[in-house]
1. Please find, among Val114, Val125, Val131, Val72, the residue that is aliphatic (A, V, I, L, M), assigned to a loop (DSSP other than H, G, I, E, B) and either at pLDDT 80 or above or not assigned by TED's automatic domain parsing to the domain that holds Leu19 (or both).
2. Within segment 52-69, track down each residue that is of a type in the set (Gly, Ala, Ser), assigned to a helix (DSSP H, G or I) and out of contact with any Gly (no Cβ under 8 Å at 6 or more places or on another chain).
3. Is it the case that segment 203-210 has a residue that's within 23 Å of the chain's Cα centre (by Cα), over 18 Å from Arg82 (Cα atoms) and of a type in the set (Ser, Thr, Tyr)?
4. Tell me, which strands (runs of 3 or more DSSP E) wholly within segment 147-252 include 1 or more residues that are surrounded by fewer than 16 Cβ atoms within 10 Å (Cβ to Cβ) and touching a Cys at 6+ places or on another chain (Cβ under 7 Å)?
5. So if I check each of Ala252, Ala207, Ala180, which one is hydrophobic (A, V, I, L, M, F, W, C) and in contact with a helix residue (DSSP H, G or I) (Cβ under 8 Å, 6 or more places away or on another chain)?
6. Just name the residue that is farthest from Ser154 (Cα to Cα) out of those in segment 85-111 that are modelled with pLDDT of 75 or more and in a loop (DSSP other than H, G, I, E, B).
7. Which ones in segment 27-46 are more than 13 Å from Ile63 (Cα to Cα) and either of a type in the set (Phe, Trp, Tyr) or surrounded by fewer than 17 Cβ atoms within 10 Å (Cβ to Cβ) (or both)?
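The values are calculated or read from the model by the stated rules, or taken from the named source; none is laboratory data. These figures come from a predicted structure and were not determined experimentally. Cβ placement follows ideal geometry from the backbone for every residue including glycine, while neighbour counts extend to all protein chains displayed.
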Amino acid sequence: MASTSGGKQPKYQQIANALKAGVDAGEYRPGDRLPGENDLMETYCVARMTARQALGVLQNEGIAEARKGAGVFVRDFRPLRRRGIQRLAQEQWGSGRSIWSADTDNRTLVVDQVSVTAEAAPEQVAGVLGVEPGDPTCVRRRRFVLDGKPVLLSTSYLPAGLVAGTAITREDTGPGGTYARLAEIGAKPVHFREEVRSRMPGTDESARLGLSAGTPVILICRTAFAEEGQPVEVNEMVLDAASYVLEYDFDA
């Protein structure tokens, strides 16, 4: 059982809070090594497991990361603020800008992995797109990297018949991306729905995003609708939870 002090928080949480306060105060700056297990054991007179749990809290919250054989370091990465409403405005992609540029604040975001394939629609996706399971879809898979750090995996499904012969079927969709190309063929998105949840990552997701042990992922499933409610895209995204702040700014 974790040790406690005066019926308050477990000792490991108290130590973790002290370390986080040190990070917030600038005592430990991005890239700095945090006190190790031996240091914490001596400073706080606790067992090794308690010290290890304290450091684990910071890793699980994305504040710190372990480097094999070197210790635990303050994460040298500023979270990406995902502006959920502004990024999807027509004035963004309609003027030839990437929707991702609304989030990056002039930081360097690149797609370092991209594939475009023709695949049978999975049952769940088919239900959302209004097609039959097994019907052909154009599937776009991408990995987004910000300041050298993988932050997002994205898989988009579009009806193959709708986008055949367009730049959507190529790796580079051109200015404004997929939504600008949909607009050119009379399927302009006019409404979006996003569903958000979280879970622990799968092995492949953890490897592709370079996640520290214990870091969860955020799942966002976005459906884009054209006029008269026609669904034209389902985009399933997996985000490194420690790399994102989700921001939704709208009037009452």
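1. Numbers: Val114 fails: assigned to a loop (DSSP other than H, G, I, E, B); Val125 fails: assigned to a loop (DSSP other than H, G, I, E, B); Val72 fails: assigned to a loop (DSSP other than H, G, I, E, B).
Unique residue meeting the criteria: Val131.
2. Ala54, the sole residue that qualifies.
3. Yes, the conditions are met somewhere in segment 203-210.
4. 191-199
5. On the way: Ala252 fails: in contact with a helix residue (DSSP H, G or I) (Cβ under 8 Å, 6 or more places away or on another chain); Ala207 fails: in contact with a helix residue (DSSP H, G or I) (Cβ under 8 Å, 6 or more places away or on another chain).
Just one listed residue meets the conditions, Ala180.
6. Out of the qualifying residues, it is Arg107.
7. Here is the first cut: in segment 27-46, the ones more than 13 Å from Ile63 (Cα to Cα) are 27, 35-46.
Answer for segment 27-46, where residues must be more than 13 Å from Ile63 (Cα to Cα) and either of a type in the set (Phe, Trp, Tyr) or surrounded by fewer than 17 Cβ atoms within 10 Å (Cβ to Cβ) (or both): Glu27, Gly36, Asn38, Asp39, Glu42, Thr43, Tyr44, Cys45.
Conditions tested, residue by residue: (1) among the polar types (S, T, N, Q); (2) in contact with a strand residue (DSSP E or B) (Cβ under 6 Å, 6 or more places away or on another chain).
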| residue | (1), (2) |
| --- | --- |
| Arg29 | no, no |
| Thr43 | yes, no |
| Ala51 | no, no |
| Gly56 | no, no |
| Phe73 | no, yes |
